[in-house]
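The values are calculated or read from the model by the stated rules, or taken from the named source; none is laboratory data. Here the structure is a predicted model, which is why all the values come from computation and not from measurement. Ideal geometry is used to build each Cβ from the backbone, glycine not excepted, and the neighbour counts take in all protein chains shown.
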Amino acid sequence: MIPLIRKKFGDELVALAACASFARSEDTDYSDLEMVAFVKSMPEGRWWDGVGKIRDGMLVELVWTTREGYLQNVREVTGDWYIAGSDTLLPIINEEFIGELNGYRVADLREKCLKRAALHWHEVQEATAKVLNAILADNREGLPLLAFDMLRHMLIVLSFLNQTPYVTFSRFVSQAKSFDLKPADFETLNDALAQGVSRDLPSLQAAVTNVFTQFEKIFEELGVELYDDDVDPN
C-alpha cells in the first residue's frame, strides 16, 4: 500500500505509521490493519479523514491528519482519551517524526482527567437509572444491553479517574480491575454482569446502587462537585 499512499498525498505526506494491534505486535487471525498518514495540511474545518476497505477478508483502514490534529485529538485529554490516549505508532515512513509523537506527554494530566470524569458522569447517571428502571419493571429482555451500556460508561469514568487510558476495548474490564481508584464493589458488579444479569435481580440492584454511591464518594474525596442545583442554562 505504501506506493499507493505516496501517490495519493505526494509532497503533502510527512510520515506513515501502523497503529492498534499490529503496532503492538498483538494482531491475530481476526485482527484488522490500521494506519495513520501524517500530512502537512488538512482542509479547513477538518482535522482528519479516512477510508476503509476489506481485502481478502481483512479490514484495512487508513486515516490521515496533521501532527497538530493528531496531538490535539488523540493524545490530549479529549472525550475519547480513555481509549485514544494509549495509541502507539509503529513507524513506516519518517521514524524520527513518529518517535516524537510516541514520546508526547500530556501536561496537567490529573486536572484534565478529573474534568473529563466529571463531564462524563451524567452518562453514568442516565445509564444507571435505565438499569434500575429495567430491574423494577422486570424487563429481563432489555436488561443485558442496558447493563453493559452502564458498565461501559462506568469504565470510561474509571479510566479518567485513574489517568490511564485502556489499551484496547477487550481489556477494559481487566485493566479496570487493576486500577487503584475504583468502587469497592466494582468487581462484584462486574461478576454479576458476567454471570447473567437476569439471574438475581435483587442482588444486581444492590450491586448497581452500591457502585454508583461509591463512585459519588470517590468524587467527593477528590474534591469534585458532581451536582449543581442551578439548572439555568444561561
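Just to be sure, is Leu109 closer than 22 Å to Arg75 by Cβ and either surrounded by fewer than 18 Cβ atoms within 10 Å (Cβ to Cβ) or in the same structural domain as Ala194 (by TED's automatic domain parsing) (or both)?
Taking the combined requirement at face value, the residue satisfies it.
If Asn94 meets every condition in (1) surrounded by fewer than 20 Cβ atoms within 10 Å (Cβ to Cβ); (2) touching a residue at least 12 places away in the same chain (Cβ under 8 Å); (3) at negative phi apart from one, which number is that one?
Of (1) surrounded by fewer than 20 Cβ atoms within 10 Å (Cβ to Cβ); (2) touching a residue at least 12 places away in the same chain (Cβ under 8 Å); (3) at negative phi, only one is false for Asn94: (3).
Among the residues of the stretch 114-121, are any under 28 Å from Phe22 (Cα atoms) and crowded, with 17+ Cβ neighbours inside 10 Å?
No, there is no match, as no residue in the stretch 114-121 is under 28 Å from Phe22 (Cα atoms) and crowded, with 17+ Cβ neighbours inside 10 Å.
Pairs under 6 Å by beta carbon, first residue within 14 Å of Gly223 (Cβ to Cβ) in the stretch 108-120, partner among the β-branched types (Val, Ile, Thr) and part of a helix (DSSP H, G or I), six or more apart or different chains?
Ala117/Val157
In the stretch 58-77, is there at least one residue being among the small types (Gly, Ala, Ser) and part of a loop (DSSP other than H, G, I, E, B)?
no
All but one of (1) at pLDDT 95 or above; (2) exposed (fewer than 15 other Cβ atoms within 10 Å of the Cβ); (3) acidic (Asp, Glu) hold for Asp185; which doesn't?
The single condition Asp185 does not satisfy is (2).
From Phe186, Phe160, Phe148, which residue is in contact with a Cys (Cβ under 8 Å, 6 or more places away or on another chain) and closer than 23 Å to Gln125 by Cβ?
Going through Phe186, Phe160, Phe148 in turn, the sole match is Phe160.
Pull up the stretch 1-30, narrow it to residues that are at pLDDT 95 or above, over 21 Å from the mean Cα position of the chain (by Cα) and hydrophobic (A, V, I, L, M, F, W, C), then point me to the one that is surrounded by the most Cβ atoms within 10 Å (Cβ to Cβ).
Leu16
For the stretch 156-175, how many residues meet the condition of being part of a helix (DSSP H, G or I) and surrounded by fewer than 22 Cβ atoms within 10 Å (Cβ to Cβ)?
Qualifying residue count, the stretch 156-175: 7.
On the basis of being more than 15 Å from the chain's Cα centre (by Cα) and surrounded by 15 or more Cβ atoms within 10 Å (Cβ to Cβ), does Asn190 make the cut?
It is true that Asn190 is more than 15 Å from the chain's Cα centre (by Cα) and surrounded by 15 or more Cβ atoms within 10 Å (Cβ to Cβ).
Mind listing whichever residues of the stretch 176-209 are in a helix (DSSP H, G or I) and among the acidic types (Asp, Glu)?
Result: Glu187, Asp191.
Could you list, in sequence order, the residues of the stretch 210-234 that are of a type in the set (Phe, Trp, Tyr) and assigned to a helix (DSSP H, G or I)?
Selection gives Phe212, Phe215, Phe219.
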